[in-house]
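See below for the structure under consideration.
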Amino acid sequence: MGKLGQLRQSTMMIYILILILRMKTRQVSKKKKKKRHRIPTNDELLYDPEKDNRDQAWVDARRRGYHGFGIQRPRQQQQPVPNSDAVLNCPACMTTLCLDCQRHESYKTQYRAMFVMNCSVNKEEVLRYKTPENRKKKRGHKKMRSNHEDAAEQAETDVEEIYHPVMCTECSTEVAVYDKDEVFHFFNVLASHS
């Protein structure tokens, strides 16, 4: 073989090496693409796509029971549950305390409810709160009376309201008070507005 033959053979060998390198590069990039585009399953993500629907059905069933709608037959259309202003949780341990409550008109961080969970009422302890019976009437006539007359009338019109403290059953944090009308007044809660 002459120089020309050796040159052709060297060129062929270089060409073959280049092809082999290209094939290996393609195989490596295909493997990387497969790894890049692999979508994890819901189990791997610890995700249940139906969990929210099941949780909402559970909450609605609980609230229907509170409002006396009860469980209806499948043929009948179920009545929608009235809207709740918030879901209330304990600020210390995040335990759910109430699913159905009404927000106070003046004090936006306070709520009242009749149906609660994970709460215990301490009937042994009594909290007393004095409130004037007719606040609006006094404001208009205050200028015309003396201080002595005001004090006498104030003592007569003061009404004493009685409450019992309410604790979270999980961590014993005081979260509300309970009144004589069997209404819970929440003041120390985390609210998830709905």
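The values are calculated or read from the model by the stated rules, or taken from the named source; none is laboratory data. This one's a predicted model, so the numbers in the text were calculated from it and none came from an experiment. Glycine also receives a Cβ, built like all others from the backbone with ideal geometry; neighbour counts cover every protein chain displayed.
Looking only at region 138-164, filter to residues that are touching a strand residue (DSSP E or B) at 6+ places or on another chain (Cβ under 6 Å) and among the acidic types (Asp, Glu); which one of those is modelled with the lowest pLDDT? Taking the candidates together, the pick is Asp158. Arg128 - would you say it is in a strand (DSSP E or B), among the basic types (Lys, Arg) and in contact with a Cys (Cβ under 8 Å, 6 or more places away or on another chain)? Taking the combined requirement at face value, the residue does not satisfy it.
Going through Met117, Met167 one at a time, which residue ends up being outside any strand (DSSP E or B), among the aliphatic types (A, V, I, L, M) and either at pLDDT 95 or above or within 13 Å of Leu97 (Cβ to Cβ) (or both)? Working first, answer last.
Details: Met167 fails: outside any strand (DSSP E or B).
That would be Met117, the only listed residue that is outside any strand (DSSP E or B), among the aliphatic types (A, V, I, L, M) and either at pLDDT 95 or above or within 13 Å of Leu97 (Cβ to Cβ) (or both).
Summed over region 84-95, residues that are surrounded by 16 or more Cβ atoms within 10 Å (Cβ to Cβ) and farther than 10 Å from Val175 by Cβ total 4.
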